[in-house]
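Report on one structure; see the data block that follows.
What follows is calculated from the coordinates using simple rules that are stated; it is not laboratory data. The structure displayed is predicted, hence computed values, not measured ones.
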Amino acid sequence: MEDTPPSETAAPKGTVTQRAIERIKAMIGDGLLEPGQRLPTERDLAAQLGISRSSMREAIRALTVLGVLEARHGSGIYVTQLSAGDLLETFGVVADLSRGTRLVELLEVRRILESTAAALAAARITPEQLALVEGHLAAMNATDDAEEILAHDLAFHRAIASAAGNETMAAILEGVSSRTFRARVWRGYQEEGAFARTRREHAAIHRALLARDPEAARAAAAAHVGEVEQWLRAQVNT
């Protein structure tokens, strides 16, 4: 039978597991465990932290789901590279499963971040990145196929977020703008004949980037997402 440290006997299991999670996170934050480093064995880590192996196992499982740790078959448990994309992946799940007012809230978040990303991109974008944005804009303008437009719309905004030069912001935007989320909103929005309006809004963002005008880019991106947000808010309230 597995030994349980005396300090753990009176504590609810969820509390003990949470404590184990916090202790491992603290070890990473303090530099005792580095990105890419292999964790001590489950037994050794449990003994080191004074926690039962079952609680340690649950903590490791939870941190693996969160992208903090990764299990390598036959090798052990490792700290991930702790990239923003890995750690913020769960935003996509929230976006995919949300409905009603929660969708409106996500669009509010997206409007704030997209406008900030566009402003940063206007100041930082390279000629190569600008060419990528232009390519997706041209592809959107060259088709009336909704799926193709959606794909290039995603890529257009992803390229701008990348050009902003803030990996954490780009990762959050990737989550709140997942393809599933966009497809759900896009389908209804485009049924209202908004292709032409969307193309104009994208063109305005591109012009601001081309002019390297951060405030114009901010305003154009906010107006673009704001149009969809207002439409969705009206759908939720009807």
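What the table below lists for this structure:
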item: Relative contact order %, the stretch 106-169, counting alpha carbon pairs below 8 Å whose residues are six or more apart; result: 49 percent
item: Debye log10 I(q)/I(0) for the stretch 138-180, one point scatterer per Cα, at q = 0.22, 0.23, 0.24 Å⁻¹; result: -0.71, -0.75, -0.79
item: Gained length - Glu105 relative to Arg124, 0.36 nm times residue gap less alpha-carbon distance; result: 4.0 nm
item: Scattering curve values for the stretch 29-74, log₁₀ I(q)/I(0), Debye with Cα scatterers, q = 0.20 Å⁻¹; result: -0.71
